[in-house]
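Structure first, commentary second.
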Amino acid sequence: MRSLRLVLPAAALLAMVSAAEAHTGAGHTHAFTSGFAHPFGGMDHLLAMVAIGLWAGLAGGRALWLWPASFVVAMVVGGALGMAGVPMPLVEQGIVASVVVIGLAAALALSPNIAVGCALAALAGLFHGHAHGTEIPADASGLAYASGFAMATALLHAIGIAVTVLAARFAMPIAARAAGGLTAVAGVVLAARFF
């Protein structure tokens with residue numbers, strides 16, 4: 001509980017970082033910072049990453065770490081593809097779909113088998129990673145930038161898991177499911193920009 005009191009205010013401060021600050025183009029010395037700040041600069045990234053944590057927390061067991069890990073690993077692969085200039089179709093639509101689908105999975109407390117959950121988390125991570133990779137500042141170190149956005153993503157997953165754990169501790173698991181539902185609704189609102 002004590003560590004949660006430290007993590008949540010830190011996450012709130014990081015969430016205030018603007019997208020412009022994430023793209024300073026300041027080179028190697030700021031590549032890690034830019035990468036770390038990037039997931040906090042877009043609502044779609046924030047929602048999906050926290051929702052993975054909510055969903056994994058609700059499923060429990062091995063999903064608690066395997067689903068977030070699948071997302072992060074696939075995100076790094078997608079980031080490498082984006083940095084290399086390898087095109088990927090429907091990235092923005094995939095990102096928005098991931099917000100809706102993972103939000104719904106959390107809202108409905110769906111617990112598919114571990115492999116299905118890993119595949120869904122990895123697909124979402126691939127889309128998010130590609131978007132991160134294509135937006136890396138031209139003079140930044142790719143490895144430092146990827147390390148930063150991987151660490152921020154893991155933090156956002158942990159926040160989602162912490163919300164679920166706290167909700168269960170206070171006998172209010174519906175709160176975590178409601179957060180998933182709100183995430184799905186926000187995803188639908190984000191999807192409106194494509195129509």
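Here are a few things to note about the model shown:
- What segment 52-195 shows is 44 Å² of accessible area per residue, with the surface traced by a 1.4 Å probe over protein heavy atoms.
- Kirkwood Rh, angstrom, segment 39-195 [1 / mean 1/r, Cα pairs]: 15.2 Å
- Proximal charge balance of LEU190 [Cβ under 13 Å; K/R count +1, D/E count -1]: -1
- Separation of segment 72-92 from segment 147-169 is 22 Å, based on Cα centroids.
- Sulfur and carbon atoms: percent of accessible area, segment 67-195 [1.4 Å]: 78 percent
- Table column - 3J(HN,Hα) (Hz), segment 156-164, Karplus curve with 6.51, -1.76, 1.60, x for Gly and Pro: 5, 4, 4, 5, x, 5, 4, 4, 5
- Available extension along the chain between MET43 and ALA178 is 46.8 nm, counting 0.36 nm per residue and deducting the alpha carbon span.
The values are calculated or read from the model by the stated rules, or taken from the named source; none is laboratory data. Since we're looking at a predicted model, the values are computed, not measured. Virtual Cβ from ideal backbone geometry, glycine too; neighbours counted across all protein chains shown. These accessible areas exclude ligands, DNA and RNA; they are computed on the full protein's heavy atoms, side chains included. Shrake-Rupley method; radii C 1.70, N 1.55, O 1.52, S 1.80 Å.
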